Structures are given as C-alpha cells and as structure tokens.
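Any read-out appearing in this document is the output of simple, stated calculations on the displayed coordinates, not a laboratory observation. Please read all numbers here as calculations on a predicted model, not as lab measurements. Cβ coordinates were reconstructed from backbone atoms using ideal geometry, including for glycine residues, and neighbour counts include every protein chain displayed.
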Ligand code: TUI
C-alpha cells in the first residue's frame, strides 16, 4: 500500500501491526507476520531481559523484515528490558499499560520508531509532544489490559486530537474492521486476537480451542478495582476473582490471584484456572489459519468491503 503513511513509516507492505501479546507473541509469530508483509511484534510482557534478548535474536534469524517489541510498562524488569531493546537496536518499539514519556529520548537516539498504545485522548496528546512516530488507539474490545472507551468512540477522538498517524486496535480481525478503522481516520490497524488462532502462534492448543469456542459475550473485564482491568475469557478463575472482589479483597490480594495465570493458560493449557486474555472479536474466530493466509484474506477482501460501502451511499 504505497500511499499509506504507516507502511512508509515502518517500511512494511501492509499497515497491519500484530498485537504485542505477552507469552503468546514470540519470535515464531512475530517473524511470520513480518515475513507476510505486516509488522510482527514480540510481546515482552513480564519477560526477564535475557529471555527477551534471546527472542529478539531468534526473530532476527527468522526474518530480514522490520519487526518490533512491545514493552509492557508495568513489568518489574522494565528498565532492563528497555536496555536490551536499545542494545539490540530493535526497529520499532510499541509500549503498553502506562506512559512511556521518560523513555522516548533513548528510543529516538538509536533511530527506532516509537508507537505507544493509549486508551485515552489525554495521553495521546501528551505523547505527541514527546516526539513519538504514531499512536495506537486501543479500544476496550481488546484483550488483556484495557481502557474503558470503545474503538468506535476512541479512534476518531484521537484522530481529531493529534496530527500523528493513528493505528486503531480493539475488535479488528478482518477487512470489514480494517475499513471501519480507516473510515474513522486511522491509517493502520493492530490485530491481536486473529493472530492468536494462527498456525504459527505458540499458544497452547487448549487456549486456541477456547478462543475458537468463544461467543461475542464470552469475555469479561476483571480487576476494575485494582486500577488495571484485564479482558479475559470467563472461566473458574474469573468467577473466583469476582467473588473475591465482591468480598472486599485488596488490590494486592487480587493482583496475587492473577500472578502467573497468563502463562498457565497460554503455555501450560490450564484454561480453567489460567487467564485467557483475548478480545471481544474472539466470537468471530472459527478456524486456525497460517499467518500469511490471515493477512492475504484481509487484503483480498478489501475491494468487496469497499463495494459494499459504495452500494449504500
Ligand atoms: O498493555 C496492553 N495490554 C496488555 S498488557 C498485559 S500484561 C498484564 N498482565 C497482568 C495485568 C495487567 C497487564 C496484557 N495486556 N494494551 C495496551 C494498553 N495500554 N491498553 C491500555 C493501556 C494504557 C492504560 C493506561 C496505556 C496508558 C495508560 O496510561 C496511564 C497513565 O499513566 O497515563
């Protein structure tokens, strides 16, 4: 897409950024997305620095194309992880779950493109002034750590508030979602859920099966009272968590209940007691496809979607 600003900025073929999902978005997924013409992202999550370095080097061996790392700003290793990303000169850095303002100068110094994920207009405006390259506007339809505003309401408000190119995220999994995001003024999309149910994604088969089984109302947001709400598939864990929340458990107690639970679900396949982070669009997922086919299908369906729109105006 030659005229697309995100493609030009990131030197990629299609303005499709893969979500930087902890324990799920590894070198295997990131390199597959980059090789298929999108931008693959390694999800650093709570990864220790050496594990991230290993994942970056593995990705470099698997693709010659640009790729990125998502830095989860609530990680206990955030400072060390940032040093690894700088040492390894990662071409694109996305951030989540906080304000990356203080780290931007160091990222820009090594020439990386910096694209923070935000869930509010206020943070988008603040970060524009720090010299970031684009903004990912993430609606509450997304999986994992979420804000409260929907993609439909958030994207046009951020588009109006900043001059930077905006990438829409949350509830997007096909050409319809991508064109809807473009209609709202976005110039790219970030897609997570659709890539979880890909062949290359290393998530446990039980996790993928749970996503394929999900319906549109299968996710819930837990942890509102802790200040960092998380969208996951409802299961035994979320019911226990809600019960504890109702009985006045402290944020610390609730955080403890969630610790290690994403790994339990995504790697060990414990889908009853683990945390199955996934977006609301999971209800639309009905098959596991290779990453290249996922991207090919999205791009191939664009003319059909555009014709459908034309018919109605
Ligand atoms: O970061 C995400 N999604 C995530 S992070 C994650 S790991 C995790 N594990 C357990 C508990 C919590 C997290 C799983 N999923 N998406 C990007 C995102 N960032 N969504 C919302 C935000 C956000 C929220 C507040 C960004 C900035 C922010 O700013 C607060 C401030 O300081 O202004």
>> Taking 8 Å as the Cα distance limit and 6 or more residues as the minimum spacing, I'd like the relative contact order of the range 1-155 as a percentage.
In response: 15 percent
> With each run of n ≥ 4 DSSP H residues scored as -39500 (n - 2.57), what mean residue ellipticity at 222 nm is computed for the chain after dividing by its residue count and rounding to the nearest 500 deg cm²/dmol?
Replying inline: -12000 deg cm²/dmol
> What share of Cα pairs, in percent, lie more than 34 angstrom apart in the chain?
Replying inline: 15 percent
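Once you have the alpha carbon radius of gyration of the range 66-142, what is it after dividing by 2.2 N^0.38 Å, with N set to its residue count? Working shown, then result.
Values: Rg = 11.7 Å, N = 77, 2.2 N^0.38 = 11.5 Å.
Relative to the rule-of-thumb radius for its length, the range 66-142 sits at 1.02.
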>> Please report Rg (one decimal) and Dmax (integer) in Å for the Cα set of the range 220-313.
In response: 18.8, 54
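If you count the DSSP beta bridges with both ends in the chain, what percent of them are antiparallel, to the nearest 5?
Working: 7 of 34 bridges.
Here the share of antiparallel DSSP bridges comes out near 20 percent.
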> When only C-alpha pairs under 8 Å and at least 6 residues apart count, what is the relative contact order of the range 204-313, in percent?
Replying inline: 34 percent
> Along its principal axes, what span do the Cα atoms of the range 1-54 show, with the longest given first and each in whole Å?
Replying inline: 39, 17, 16
>> How much length would be gained if the chain were fully extended between residue 150 and residue 183, taking 0.36 nm per residue of separation minus their Cα-Cα distance, in nm to one decimal?
In response: 10.4 nm
> Cα-based Rg of the range 42-181 per 2.2 N^0.38 Å, rounded to two decimals?
Replying inline: 1.04
> How long is the gain from residue 259 to residue 3 if the chain were fully straight, where each residue apart is worth 0.36 nm and the alpha carbon distance is subtracted?
Replying inline: 87.8 nm
>> Pairs of alpha-carbon atoms within less than 8 angstrom and 6+ residues apart define the contacts here; what relative contact order does the range 239-298 have, in percent?
In response: 18 percent
> Using 1/(1 + (r/R0)^6) with R0 = 25 angstrom and r between the beta carbons of residue 50 and residue 79, what's the FRET efficiency to the nearest 0.05?
Replying inline: 0.95
> Can you give the Rg to Rh ratio of the range 170-266, both from alpha-carbon atoms, with Rh computed by the Kirkwood formula?
Replying inline: 1.04
>> For a quick check, take a GNM of the chain with Cα springs below 10 Å and name the residue from 128, 102, 88 with the largest mean-square fluctuation.
In response: 102
>> Restricting everything to alpha-carbon atoms, can you work out Rg to Rh for the range 119-181 with a Kirkwood hydrodynamic radius?
In response: 0.96
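So if each residue of separation counts as 0.36 nm, and I subtract the Cα-Cα distance between residue 221 and residue 267, what length gain in nm does that give? Kindly include the intermediate steps, with their values, before the conclusion.
Details: separation 46, 0.36 × 46 = 16.56 nm, distance 2.15 nm.
Fully extending the segment from residue 221 to residue 267 adds 14.4 nm.
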> To the nearest Å, what is the center-to-center distance of the range 252-310 and the range 97-128, using C-alpha atoms only?
Replying inline: 25 Å
>> Using a Gaussian network model on the chain with a 10 Å cutoff between Cα atoms, which of 234, 265, 183 fluctuates the most?
In response: 183
